[in-house]
Amino acid sequence: MLKVEIVAPHEKIFEGDAEIVSVPGSKSPFQILKNHAPIVSALDSGIIEIKNGNLNNIFVISSGFIEVLNNKVIILVDYAINAEDLIQSEILEQIKMLDENILKAKNKLEIEEFQKQLKFAKIKLKAIDKK
C-alpha cells in the first residue's frame with residue numbers, strides 16, 4: 001500500500017492510502033505502484049488518479065512536483081481541486097467565455113493566457129468524465 005499526500009501552498013488537499021497513483025508527468029503520464037523506485041519528477045497541469053480498491057479519487061492539478069520514497073508519495077502543487085467539486089455547466093460556460101476572449105484578444109500575450117486557461121478548463125471537463 002502507498003501512503004499519498006497532495007499538498008498545495010496553504011492546505012493539504014488529500015491524505016490517504018492507494019494501490020495505484022497516476023500522475024501527469026512533465027515528459028509523459030506515469031503510474032506509481034507499491035515498491036516503486038525512488039523518484040522526484042516535475043508534473044504538468046493534468047489529472048491525478050488515486051485508486052484504492054473500488055475507491056477512485058480524482059484531482060485536477062496545476063503544475064507541481066512528485067516525490068516517491070519508501071512507498072510514500074508526496075505531490076506538491078500550486079493548485080488542486082477534487083473532481084467531485086467540479087460543476088460541468090460552469091466549466092462549459094467558462095470555455096465559451098474563453099473562446100470569445102481569444103477572438104477578442106488584442107495581442108499575442110493575451111491570446112496565450114486565454115489559451116492556457118482554456119486548456120485547464122478542458123482538463124477539468126475530462127476529470128468530470130472520469131468520476
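Given their separation in residues at 0.36 nm each and the Cα-Cα distance between them, E84 and M97 gain 2.4 nm when the chain is fully extended.
Taking percent of Cα pairs over 22 Å apart straight from the coordinates, which label in (i) 40; (ii) 45; (iii) 30 is the correct one? Label of the calculated value: (i).
Taking 20 Å as the cut-off for C-alpha to C-alpha distance, list the pairs among K96/K130; K34/K124; K96/K126; K51/K126 that go past it.
Details: K96/K130 22 Å; K34/K124 28 Å; K96/K126 16 Å; K51/K126 17 Å.
Too far apart for the 20 Å limit: K96/K130; K34/K124.
For region 1-54, the share of alpha carbon pairs falling in successive 5 Å distance bins from zero is 5, 17, 28, 29, 16, 5 percent.
Orientation-averaged projection of region 58-131 equals 5.9 nm² [convex hull of Cα atoms, one quarter of hull surface area]. By the beta-carbon count within 10 Å of each Cβ, the least crowded to most crowded order of F65, F14, fewest first, is F65, F14. Relative to the current alpha-carbon distance between K116 and N70, full extension at 0.36 nm per residue lengthens the span by 13.0 nm. This ranking places I91, I48, I58 by how few other beta-carbon atoms lie within 10 Å of each, fewest first, which gives I91, I58, I48.
Bear in mind these aren't lab numbers, they're just calculated from the coordinates by the rules spelled out. This structure is a prediction, so every number in the text was calculated from the model and none was measured. So basically every Cβ, Gly included, is an ideal-geometry build from the backbone, and we count neighbours across all protein chains shown.
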